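Take a look at the structure below.
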Amino acid sequence: MQLPDEQQEMLLKILHHRYHNNRRTEIAIDARKSLEAFESGELRTQSARDVIAELRPGLDAAEAL
């Protein structure tokens, strides 16, 4: 808060950029792990309908909060 407005804005942009870069890296790592798990047979293919049916109870519970 001691920085001038312009420098605060610049700092926010830097932090925002770093956050998004870190998030992209996390997503890429998760995707790589998922592909490896799929290719090794740890994961199986499912229809969208089956995935939604599996997720629905958790989504309904979260909406009830």
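Nothing in this text is a laboratory measurement; each read-out follows from the coordinates by a stated rule. Here the structure is a predicted model, which is why all the values come from computation and not from measurement. Backbone-built Cβ (ideal geometry, glycine too); neighbour counts: all protein chains shown.
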| message | Placing +1 on the Cβ of each Lys and Arg and -1 on the Cβ of each Asp and Glu in the chain, which of 19, 38, 57 has its Cα farthest towards the positive end of the resulting dipole? | response | 38
| field | Efficiency of FRET between residue 64 and residue 30 - r from beta-carbon atoms, R0 25 angstrom, step 0.05 | value | 0.35
| said: What does the extension gain come out to for residue 1 and residue 45, with contour length at 0.36 nm per residue minus their alpha carbon separation? | reply: 10.7 nm
| Dipole of the chain, Cα-centred, from +1 at each Lys and Arg C-beta and -1 at each Asp and Glu C-beta, to the nearest 20 debye? | 160 debye
| query | Tell me, Kirkwood radius of the chain from alpha-carbon pair distances, in Å? | reply | 15.9 Å
| For the stretch 44-61, Karplus couplings with θ = phi - 60° (6.51, -1.76, 1.60), whole Hz, Gly/Pro x | 10, 6, 9, 6, 4, 4, 5, 5, 4, 4, 6, 7, 3, x, x, 5, 4, 5
| task | Specify the angular offset, from 0 to 90 degrees and rounded to the nearest 10, of the alpha carbon long axis of helix 5-39 from the longest principal axis of the alpha carbons in the chain. | result | 20 degrees
